[in-house]
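Data first, discussion second: the structure below is written as structure tokens.
The values are calculated or read from the model by the stated rules, or taken from the named source; none is laboratory data. Given the structure is predicted, the values throughout are model-derived calculations rather than measurements. All Cβ positions, even for glycine, are placed from backbone atoms using ideal geometry, and neighbour counts span all protein chains on display.
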Amino acid sequence: MTAAFSAEWLALREPFDRAARRESAALLDLQAMAARLRGGDPALCVIDLACGTGANLRELAPRLGGTQRWLLVDHDPRLLAALPEVLEGPGWHAKARPLHIDLAAALDAVPFREAQLITASALLDLVSASWLDALLRHVRAANAAVLFALNVDGRVVWEPGLAGDAEVHELFAAHQRRDKGFGPALGAEAVALAIARLDAMGYSVTQVRSDWCIEDPVMLRAMIEGMAAAALEQEADAQERAEAWKARRLALADCTCLRVGHQDVLAMP
Ligand SMILES: C[S@@+](CC[C@H](N)C(=O)[O-])C[C@H]1O[C@@H](n2cnc3c(N)ncnc32)[C@H](O)[C@@H]1O
């Protein structure tokens, strides 16, 4: 089974991603990192894996600064078609080119050795341990830095809490571990595994929180419907309870706060 993500969902989540990354940005000095990675090269070369419509590019390019060349990789041509070719602002200029590849089947086709920074946002929970290991072999061979942003870490806190939250979360977490095309998915285990592997490679690793804090009723409804659908797909016998939970949650969507735990992981060779 492959994972399909609509441009509408990516657009809905992007403001929450940006707000979450404002929290982590203060703790990650990407401009200094970029200067170090660039060395004497005029342009910083970045590869963004599973780029979607380019949210990671839009977030990182101003923070990295200077001249940048991006290779944006995804398996969905509709998302790649929405990517910009050039982005610029005060003190920075980024040129982007798309690469249409199924990363689960053809990881070796990505020209990793061109990159000084290999990045991905909201990808790691979808992949398997063996795929992550294969990726990190390429990272090490390229002697590149990595930035894995917005990785779910399993923390989900509703205010107010309601009956049924725990059961739906458990089913949702189990659904996250299903194969998304890369083998058994790591789900919330991905962060700890990536950090352990990067440590073992001798990389210097920084981990910071980038949580979603959602009070917007439109996003809350999307989250509630998504979680209930995943819970149902995971456990058909839970239908009545999942539907009742969804109805209770939707009725409260105008006065609810949901925190979804995420982590950003930056590692330098
Ligand atoms: C949660 S979205 C994240 C998109 C983007 N990085 C962002 O932060 O908005 C996951 C992305 O993974 C891509 N994807 C899923 N499976 C893939 C595969 N086998 N090969 C390449 N891209 C894949 C999807 O098309 C989607 O763009």
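If you go through region 1-15 and keep only what is within 6 Å of the ligand (Cβ to nearest atom) and either modelled with pLDDT under 95 or among the polar types (S, T, N, Q) (or both), you end up with Thr2, Ala3, Phe5. Just name the residue that is nearest to the chain's Cα centre (by Cα) out of those in region 100-131 that are of a type in the set (Gly, Ala, Ser) and within 9 Å of Ile47 (Cα to Cα). Only one residue tops the list, namely Ala120. Can you work out which of the residues in region 136-163 that are part of a strand (DSSP E or B), on the phi < 0 side of the Ramachandran plot and among the small types (Gly, Ala, Ser) is nearest to the ligand (Cβ to nearest atom)? Across region 136-163, the extreme among qualifying residues is Ala149.
Are any of the residues in region 173-186 crowded, with 17+ Cβ neighbours inside 10 Å, more than 15 Å from the ligand (Cβ to nearest atom) and modelled with pLDDT of 95 or more? Yes, that holds for at least one residue. Within region 181-269, which helices (runs of 4 or more DSSP H) (wholly inside it) include 1 or more residues that are more than 14 Å from Ala149 (Cα to Cα) and in contact with a strand residue (DSSP E or B) (Cβ under 7 Å, 6 or more places away or on another chain)? Passing ranges, in order: 190-200, 217-234.
If you go through region 164-177 and keep only what is farther than 30 Å from Ala144 by Cβ and assigned to a loop (DSSP other than H, G, I, E, B), you end up with just Gly164.
Yes/no per residue for (1) free of Cβ contacts under 8 Å to residues at least 24 places away in the same chain; (2) of a type in the set (Ser, Thr, Tyr); (3) out of contact with any Asp or Glu (no Cβ under 9 Å at 6 or more places or on another chain):
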{"site": "Glu59", "(1), (2), (3)": "no, no, no"}
{"site": "Leu79", "(1), (2), (3)": "no, no, yes"}
{"site": "Pro84", "(1), (2), (3)": "no, no, yes"}
{"site": "Arg113", "(1), (2), (3)": "no, no, yes"}
{"site": "Ser121", "(1), (2), (3)": "no, yes, no"}
{"site": "Asp125", "(1), (2), (3)": "no, no, no"}
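Among the residues of region 108-123, some residue qualifies, meaning at least one is more than 13 Å from the ligand (Cβ to nearest atom), closer than 24 Å to Met268 by Cβ, at pLDDT 95 or above and of a type in the set (Lys, Arg). Filtered by the rule that a residue be over 25 Å from Ile101 (Cβ atoms) and modelled with pLDDT of 95 or more, region 35-66 gives Pro62, Arg63, Gly65, Gly66.
Applying the condition of being free of Cβ contacts under 8 Å to residues at least 12 places away in the same chain and under 21 Å from Val205 (Cβ atoms) to region 16-34 and asking which residue is farthest from the ligand (Cβ to nearest atom) yields Ala32. Within region 86-145, the set of residues being basic (Lys, Arg) and either under 18 Å from Leu72 (Cα atoms) or touching a helix residue (DSSP H, G or I) at 6+ places or on another chain (Cβ under 8 Å) (or both) comprises Lys95, Arg97, Arg113. Within region 240-259, the set of residues being surrounded by fewer than 19 Cβ atoms within 10 Å (Cβ to Cβ) and closer than 25 Å to Asp125 by Cα comprises Cys257, Arg259. Screening region 66-82 for residues that are under 27 Å from Asn143 (Cβ atoms) and aliphatic (A, V, I, L, M) and picking the one that is farthest from the chain's Cα centre (by Cα) gives Leu71. Is it the case that some residue within region 126-148 is farther than 24 Å from Leu60 by Cβ, modelled with pLDDT of 95 or more, surrounded by 23 or more Cβ atoms within 10 Å (Cβ to Cβ) and β-branched (Val, Ile, Thr)? Within region 126-148, not a single residue is farther than 24 Å from Leu60 by Cβ, modelled with pLDDT of 95 or more, surrounded by 23 or more Cβ atoms within 10 Å (Cβ to Cβ) and β-branched (Val, Ile, Thr).
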